[in-house]
Structure formats: C-alpha cells, structure tokens
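Asker: Have a look at the structure that comes next, please.
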Amino acid sequence: MTDILTDPDRLTRAIHAILLDGGCSAEEAEVVSTHLVEASLSGHDSHGVIRIMRYREWLRTGQINARKPLKTLLDTGTMLHLDGQDGMGQWLAREATTLGIERAREHGTALIALRRAGHIGRLGAYAEQAAEAGMVSIQFCNVAGSRLVAPFGSAARCISTAPVAIGVPNGEGAPFILDFATSMVAEGKALVAGQGGKPLPEGALIGEDGKPTTNPRALYGPSLDTAIPDPNEGPGALRAMGDHKGSGLALACELLAGALTGNGTNGPAGHSFGNGLVSILVDPARLDDGAGFAGEVAGYVDYVRASQPAAGVDQVLTPGDRERAMRAERRASGLPLPEPVFTAIAALAAALPQPIPADDLRMRP
C-alpha cells in the first residue's frame, strides 16, 4: 500500500486544530499534537498520529476529557500521588514529569504515582524529558481497561501492553533512552499493520486456536474494516515479549502502575480505560561524589557503539540512537503515512470549522 509523505509541521498544526475543535485547551492541543508527531518522526508510528482518530472519538464520547488538571491525592515532598481525572494523557504525564523533576532537584529523588491519565502515548518521551533536565528515570506504565496481551503459557488476554522506559542523561552526548512495550509489539503496531503499514513479526499475536499468528484480525476481528478498529473485538491476543521474562515484567507493570497507583489492573473485575504510571527520578549529582558520572556514561556508550558489529549489522546502536536518526531523516524527507491513515486525518482536517485541505498536509519539494 502506498505511503504519502507529509510535512511534520503542517501535520502538527492540523492535529492541533482537530484537538482544539474537540474541546482541548490551546496548551493541551500543543502538547498532544507535538507528542503524536514526534512519536511518528521517531519511528514509533504505533503511538503517533494514527492515534488522533481514536482521540477525537474518545473526546466525543467522554472516554477521555479535555481540560482536566492533575489532582493531588498525596504529597510527602519526595512522593506525589496524582489523579489525572481521565484527562488528556500526554498533557498530564508531561506535567507529572515536570513535578517529578522539580522534586528530584530539591530532594535528590522523587516517586510519582499517576492514575487515570487517559492515554499518555510514547513512554520514552517522559524519559527524554527527565534526561534533558539531567535526571535518571525509571518508568512503569499499565493500561487499565485494555486487556490485550496473553502472558507466557496462556492463550487468553490478561495484561495490557505495559511499557517500560529508562532514561540516563549523558553529559557528553545524547542520552540513553530505553523504551519498549512488554508485549512483543505495541497494540498500535498491529493497528499500523492492519491499515497497510509494516507487517508484524512472526508470532506477534496468538489466535483463538492458541497458535501464533501475524494476522491483525486476531486482535481486531471485523472491526479492522471500520474507521476506528477496536482491539477488544478480536478473538486472539498480543503475545508477551521474551517468553517468561518479558511476561514477568509485564505483570510487574500491572502491579506497580496498576495496583500501586490505584489505576487498576486488567484482572477479572475490570476498570475504566486509562494509563497508570509509576515514575522514579534520581538526580545523579547527589550520588556522583567523584564527579565521574557523565564521563563514565559517555565512555561506556561510546565503547559499546564502537564494538565489532555482528554479521549483517552495519553499526552497533544503543537505545535512543535509532529514534534520533529517524527523526532527522523524516524531518528532512517527510513523514510517511499509510494512505488510509492519511485519508482519515485529512477527512478530520477537512471537516473543521476552518477546513484544512489535504494537499496542505503533504510534503512539498
């Protein structure tokens, strides 16, 4: 299926306008639209602009709500427990991370527990935000009301995609940013594949027969043919990554980001949709008595990158390198969108009170 090259800045403005029309504040719309386009530029199309169709529908139905601020449930100085009130997730998580950075700078460390945060998008964005402020961070996330993943040894949905991110600042270069779903692929990657994008890797899904499959219909069922495919409609499930190890990490995310925050796990009781997040932030300057942290990080990362590549590998990369390279490439050449995704976004933009023509979204020579 044909990809259409779009202009990232024009696409950001169009999504901003769509969110404003959906009831978001100007600041919310700016944070969310920028986050979605940056995710797609980084190669994380599953958490990028493809999500705007769902967000618009969720805003319409009240599954997520615009203009909801963080509500503080507990504040001990180094520990904050926050409720997002089912608001715009990227806005809420960015604000929560800002608070965590401030507390870690003041106390040396901070723990942020956030519940009911809508959909916070690409988790690595908050590890990047913390690293840019000089903070080490560890992030655990779950998605209540999103039972999509079969744990190791099971053919039944019991877990959300439960992502993890770790960020380490590098005073002499780009930060280390590890960001991954504990499912073999993120749900959005199945959505991208189902709408003409990159095919799924072997065994990414498990069918109702208990056998591995790459067919997105195992996750979406007949809803894959609709404007907004629903991953709850299929008879199969995503599979956890890394066999028992990845499955164990996914369960830990449910317990930490789901049970500990009060967001809710994906057990039999069921909970309303929303992200839970536990974020631990550390100011490395408090531990760095010999002032060697920055040099040690930079030296080790460079050492790994300079190691002998394996057969068939051009260059050894560390976490975050691929995303940075992809951003630069896509900003220069255009952000590719599968034709159905482009058509859907263009339709939303054309229906605005001040319509935006589809041609305005395309990359120009």
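Asker: List the pairs whose first member sits in region 174-201 and is more than 14 Å from Gly124 (Cβ to Cβ), whose second member is among the aromatic types (Phe, Trp, Tyr) and at pLDDT 90 or above, and whose Cβ atoms are under 9 Å apart, counting only residues at least 6 apart or on separate chains?
Answerer: Ala190/Tyr220; Leu191/Tyr220; Gly194/Tyr220
Asker: For region 75-116, how many residues meet the condition of being part of a helix (DSSP H, G or I) and either more than 17 Å from the chain's Cα centre (by Cα) or free of Cβ contacts under 8 Å to residues at least 12 places away in the same chain (or both)?
Answerer: 10
Asker: Further, regarding this structure: Filter region 216-231 down to the residues that are free of Cβ contacts under 8 Å to residues at least 12 places away in the same chain and not in a helix (DSSP H, G or I), then identify the one that is farthest from Leu348 (Cα to Cα).
Answerer: Across region 216-231, the extreme among qualifying residues is Asp230.
Asker: Further question: From Thr12, Thr72, which residue is part of a helix (DSSP H, G or I), of a type outside the set (D, E, K, R) and modelled with pLDDT of 95 or more? So that I can check it myself, show each step before the final result.
Answerer: Numbers: Thr72 fails: part of a helix (DSSP H, G or I).
So the residue among Thr12, Thr72 that is part of a helix (DSSP H, G or I), of a type outside the set (D, E, K, R) and modelled with pLDDT of 95 or more is Thr12.
Asker: How many residues does region 256-291 hold that are under 19 Å from the mean Cα position of the chain (by Cα) and assigned to a helix (DSSP H, G or I)?
Answerer: Final tally of qualifying residues: 3.
Asker: Then there is this: Would you point out which residue out of Phe180, Phe152, Phe176 is aromatic (Phe, Trp, Tyr) and closer than 21 Å to Gly236 by Cβ?
Answerer: Going through Phe180, Phe152, Phe176 in turn, just one is aromatic (Phe, Trp, Tyr) and closer than 21 Å to Gly236 by Cβ: Phe152.
Asker: Quick one: which residue in Cys158, Cys141 is surrounded by fewer than 24 Cβ atoms within 10 Å (Cβ to Cβ), within 30 Å of Glu208 (Cβ to Cβ) and touching a helix residue (DSSP H, G or I) at 6+ places or on another chain (Cβ under 9 Å)?
Answerer: After ruling out the rest, the residue left standing is Cys158.
Asker: Now for a separate question. Has region 94-109 got at least one residue that is under 26 Å from Arg56 (Cβ atoms) and buried (at least 24 other Cβ atoms within 10 Å of the Cβ)?
Answerer: Taking every residue of region 94-109 in turn, at least one turns out to be under 26 Å from Arg56 (Cβ atoms) and buried (at least 24 other Cβ atoms within 10 Å of the Cβ).
Asker: Further question on the same structure: Within region 18-39, is even one residue free of Cβ contacts under 8 Å to residues at least 24 places away in the same chain, surrounded by fewer than 24 Cβ atoms within 10 Å (Cβ to Cβ) and of a type outside the set (A, V, I, L, M, F, W, C)?
Answerer: yes
Asker: Let me ask something additional. Which ones in region 124-159 are in contact with a Leu (Cβ under 8 Å, 6 or more places away or on another chain) and part of a loop (DSSP other than H, G, I, E, B)?
Answerer: Passing the criteria: Met135, Leu148, Pro151, Arg157.
The values are calculated or read from the model by the stated rules, or taken from the named source; none is laboratory data. Only a predicted model underlies this, so the values are computations on that prediction, with no experimental measurement involved. Methodologically, a virtual Cβ is constructed for each residue, glycine included, from the backbone with ideal geometry; neighbour enumeration extends over all protein chains shown.
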